[in-house]
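Each remark here refers to the structure printed beneath this line.
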Amino acid sequence: MAEKMVMVDGNSLMYRAFHALPLLDNGEGVYTNAVFGFLSMLLKVISEERPTYCAVAFDLHGPTFRHEQYDAYKAGRAPTPDELRPQVPLLKDCLTQMHIPIVSLPRYEADDMLGTLSRLCEEQGIDALVITGDRDAFQLAGERTTILYTKRGITDTERVTPAFLMEKYALTPDQMIDLKGLMGDSSDNIPGVPGVGEKTALKLLGEHGTLERVLETASDSQKGKLRERLIEFADQARFSKVMATVERNVPLDIDPRACRLHDMADALPALEALKLKSLAARLSALPAELRGEAENKPESETETDRSWRAVEPLPDAAALRAWAETGPFGQPMAVAMGNAACSVAFEDGRQAGVATGGDLLTPGLSLEDAVRSLARPLAEARRVLTHDVKALLPAFDRHGIAPRGAVEDVMLAAYALSPQRPSFALGALLEAEGLEPGDAATSAARLFELAERQAEKLKADGLMSLYKDIELKLAYTLYEMEREGFLVDEAELKRLGEGYAARIADLTARIQALSGGPININSPKQLGELLFGKLGLPGGRKTATGYSTTAEVLESLADRHEIVPLILEYRKYFKLNSTYIEALLKLRGPDGRIHTSFDQVGTATGRLSSSEPNLQNIPVRTSEGREIRRAFVAREGWVLVDADYSQIELRVLAHMARDPVMLDAFRTGQDIHQRTAAEVYGVALEAVTPEMRSAAKAVNFGIVYGISDFGLARNINVTRGEAAQFIERYFERYPYVKRFMDAQVAEGKAQGYVTTLFGRRRYLPELKSPNYNTRSFGERAAMNSPIQGTAADIIKLAMIRASAALRAEGLEARLILQVHDELIVECPEAERARVEALLKDAMEGAAHLDARLVADVRSGSNWHDCKG
């Protein structure tokens, strides 16, 4: 019998479970209905299917590669219910305790990860069962891949195979992609062809086989409105098919055979803590071979494993302090973060003793207790190994601990080695090196071996400087920025909120007057029925959940009825008030400041991201949105100094491509967009019109991001053919840029990755994909990753330099925020001039390019005024 792997779309099944079951809690106000429903179905499937392997894929927050091609992708989706959101980490913790791998990867969706895992299973002769409530997965059905589709709730399911698809739709799995390309998908906001629903799409595919053939023959084989729409929206249909195609060559750092079920009963304490006793009983009742308790235990441990041992836990914090004062303890030391505490292993020759480790070891010992108790060995250690040093620094600061020896961070080393890992959790890093994580004690001890292996790879790949001089140093700078925070004027936020609320109330009254009665403007269903039913506006496309009312749909109707612009304006103010004003008021700390959290390992290109709140997403495109920046202020007697890199990515491109025309423009101080327009249109600089410059600007920045003719056409409102001609003329005038782009693609294909000026790698398995769309994405990534990544490295170096310069001169000023290519320092008024000069020098001296770096510096009492 063939081995079998069960793989689950985590987000999809959680939503199904949440909406299928009434709200449950553990008696302490912790909601558990989604956790219960998810695990109930998973245990049922494991019991019935008896798989050898299992994994769960979760979407990550943030844009995917589809958003990069189509910014309206999935626009309009309802936010996650407040009762569901906190259940996600609870479920992930239960899965971790069950030793079921969690697969996530920035820029990709769960469908793509499941598609890749199912392909790997097929190649290795493993049967795959994909559990999901998303019909997108139907295209994955194959000889060895079955979809267990949850139609409603978690019990109403059907098994989807190629035979099932042929019987129900008369389509092959590949044709399911054509189907979605034609009819679109309102839930994902994929447009398809307006007016073509499932019935029509099935008929067309039955007659012509593929979407491409349907479109090619439309002028001859179709009549009336259908013919017109197929011709008019042909490009949109092709693009919709691209959007609907599951990527099956995701760069996952995991293999199906690494997902073997084992020791699932380790999750029993977690289930009992959540009062999920029936699940605990079902898990205990599984046969031993399904719980994995007898599966593949190593016959003998390796020499490295035998060299580590865990001592008995100390009973309390007092005992730990006494032990830490007297020893014996050797060096170096490893510190591994847990959920609420840490593990600490001391090396003594080839032995390690574990002093603490949270609930599994010393009961009730918090991270704070551990750090305070271990102050002496932490300070005296000649080497301290950590996982996420930034998370430890607050406790170090509070207890005055400054290790004398070198501090290392295995998480940041892993990021420098491979930024596209699905997870940077300590357990995942250990498993990737074949080091079984075990409990908190074992994980801490094995940091030594992990760090040694990482050091060998960093040296071999020429990445040691990237790790030590950029990422490790930056962690300290980011911690200082998080600690300082950004002062927010509560009164100004409330003033803005009151203005938005008044505008919302006025718009609501006007909309209801035009609609002829009360309407929930936030309800797409009610809105769709009003616009396309009651008012009879054209272009309505009805799905199972109602008419589509996305921004794109409404914008196309703006001149059809006076109510539509009012609805668009309502949505703008509603989002400003709810997403920014209300959220910022809630997140203000007791000190009146917003303390965002910077994620150093969240992107493939090396860029930083932030959360709680995302200060890199404060709106800038509209005047109303920019007003929110007035609420970000300097304390009394202080000012904000704001510095922006001028066109850093284009300067990086000019330097890396060695293009003489582009370099000349930067060296002579010309407007690069005006110069580009003059070159492409073949006119003198003074003859360039604002429209010409705007188009040239779109291409300049689009080239950096690997823009396609389709994307450029949408951006500058021309036909796809005109956009293609514009790009062609651009490369004729900038041949060195074209040569550089082609060379990056060739390099990516030859060695499997491209690099920034500082050696940061972007791995590109997509370049070897048999799928054209996947390869095209890989080519765009090969072209733009060196540019974007180099710019990210430069701003990181600038942050390190700026922070060090402020400290070196004994200034009170502190760096408080980074947003893409912008740095903000808060300083006393008396230090303003010196800080402006220091910040400009730090940024412009971070790297030496042929197109020299230029930073524009301004200051003001609030963030808005700094921008001029």
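The values are calculated or read from the model by the stated rules, or taken from the named source; none is laboratory data. Bear in mind the structure is a predicted one, so any value in this text is a computation, not a measurement. Using ideal geometry, Cβ is built from the backbone for each residue, glycine included, and neighbour counts are taken over all protein chains shown. The area values use the complete protein model at the heavy-atom level, side chains included, leaving out ligands, DNA and RNA. Shrake-Rupley method; radii C 1.70, N 1.55, O 1.52, S 1.80 Å.
Might you tell me the accessible area per residue for the range 752-868, computed with a 1.4 Å probe and given in Å²?
Details: 4240 Å² over 117 residues.
Per-residue accessible area for the range 752-868 comes out at 36 Å².
Would you please put 498-506, 10-18, 846-854 in order of how densely packed they are, using the mean number of other Cβ atoms within 10 angstrom per residue and starting with the highest? Before the final figure, lay out each step's value.
Details: 498-506: 15.6, 10-18: 23.3, 846-854: 17.2.
Output ranking for 498-506, 10-18, 846-854: 10-18, 846-854, 498-506.
Beta bridges per DSSP, both residues in the chain: antiparallel share near 65 percent. Near residue 669, within a Cβ-to-Cβ distance under 12 Å, what is the net charge of the other residues, with Lys and Arg +1 and Asp and Glu -1? With Lys, Arg at +1 and Asp, Glu at -1, the net is +1.
Evaluate Rg over Rh across the range 553-694, taking Cα atoms for both radii and Kirkwood's formula for Rh. The partial results should precede the final answer.
Details: Rg = 21.2 Å, Rh = 19.8 Å.
Reported Rg/Rh (Cα atoms, Kirkwood Rh): 1.07.
Rounded, prolate or oblate: which fits the range 141-195 when a ≥ b ≥ c are the square roots of the eigenvalues of the alpha-carbon gyration tensor, with rounded for a/c under 1.5 and prolate only if a/b beats b/c? In terms of gyration-tensor shape, oblate.
Amide hydrogen proximity for residue 131: with H placed 1.01 Å from N in the peptide plane, the residues at 5 or more positions away or on another chain lying under 5 Å are 7, 8, 9, 148. So what is the 222 nm mean residue ellipticity for the chain from helices alone, if each DSSP H run of at least 4 adds -39500 (n - 2.57) and you divide by all residues, rounding to the nearest 500 deg cm²/dmol? Value at 222 nm, helices only: -14000 deg cm²/dmol. Computed over protein heavy atoms with a 1.4 angstrom probe, the accessible surface ordering of 644, 174, 59, largest first, is 174, 59, 644. Of 149, 736, 547, the residue with the largest accessible area leads and the full order is 736, 547, 149 (1.4 Å probe).
Considering only protein heavy atoms, what per residue accessible area in square angstrom results for the range 374-419 with a 1.4 angstrom probe?
On the way: 1520 Å² over 46 residues.
Ligands and nucleic acids excluded, the result is 33 Å² per residue.
Cα centroid separation, the range 24-50 to the range 207-230: 47 Å.
Taking the Cα centre of the chain as origin, work out the dipole magnitude from +1 charges on Lys and Arg Cβ and -1 charges on Asp and Glu Cβ, in debye rounded to 20. Don't skip to the end; give the middle numbers.
Numbers: 104 positive and 124 negative charges, 310 e Å.
That gives a dipole near 1480 debye.
Partners of residue 525 within straight-line reach, counting lysines whose Cα lies under 18 Å from its Cα and excluding those fewer than 8 residues away in the same chain: 74, 534, 542.
Would you list 396, 164 from the most to the least accessible area, probe 1.4 Å? Walk me through the intermediate numbers first.
Working: 396 15, 164 40 Å².
Listed by decreasing accessible area, they come as 164, 396.
How charged is the neighbourhood of residue 254? Take every other residue with its Cβ under 11 Å from the Cβ of residue 254, and add Lys/Arg as +1 and Asp/Glu as -1. Could the numbers behind the result be given before it?
Values: positive: 257, 421; negative: 253, 255, 431.
Once all neighbours under 11 Å are counted, the net charge is -1.
Taking the centroid of alpha carbons for each part, the range 657-720 and the range 813-868 are 27 Å apart.
Solvent-accessible area of residue 398, all protein chains in place: 150 Å² (probe radius 1.4 Å, heavy atoms, ligands and nucleic acids excluded). The share of alpha-carbon pairs in the range 695-766 lying farther apart than 16 Å comes to 55%.
Amide hydrogen proximity for residue 408: with H placed 1.01 Å from N in the peptide plane, the residues at 5 or more positions away or on another chain lying under 5 Å are 384, 385, 386. Can you tell me which aspartates and glutamates have their Cα less than 12 Å from the Cα of residue 275? Leave out same-chain residues fewer than eight positions away. In chain and number order, the partners are 25, 28.
Within the accessible area of the chain, the carbon and sulfur atoms contribute 50%, probe 1.4 Å, all protein chains present. With protein chains left intact and a 1.4 Å probe, residues in the range 14-110 average 43 Å² of accessible area per residue.
Treating each Cα of the chain as one equal point scatterer and applying the Debye formula with no solvent, the log10 of I(q)/I(0) at q = 0.06, 0.07, 0.10 Å⁻¹ comes out as -0.45, -0.63, -1.38. If Lys and Arg each add +1 and Asp and Glu each add -1, what is the summed charge of the other residues whose beta carbon sits under 12 Å from the beta carbon of residue 40? Spelling it out: positives minus negatives among the neighbours equals +3. Per-residue surface analysis assigns residue 646 an accessible area of about 30 Å², computed on protein heavy atoms at 1.4 Å probe radius.
In the context of the full protein assembly, residue 47 retains an accessible surface of approximately 50 Å², using a probe radius of 1.4 Å and ignoring ligands and nucleic acids.
Here the convex hull built on the C-alpha positions of the range 787-868 has a volume of 93 cubic angstrom per residue. Sparsely packed loop sites in the range 175-282 (the trypsin sites (Lys or Arg not before Pro) outside DSSP H, G, I, E and B with at most 10 other Cβ atoms within 10 Å) comprise 223.
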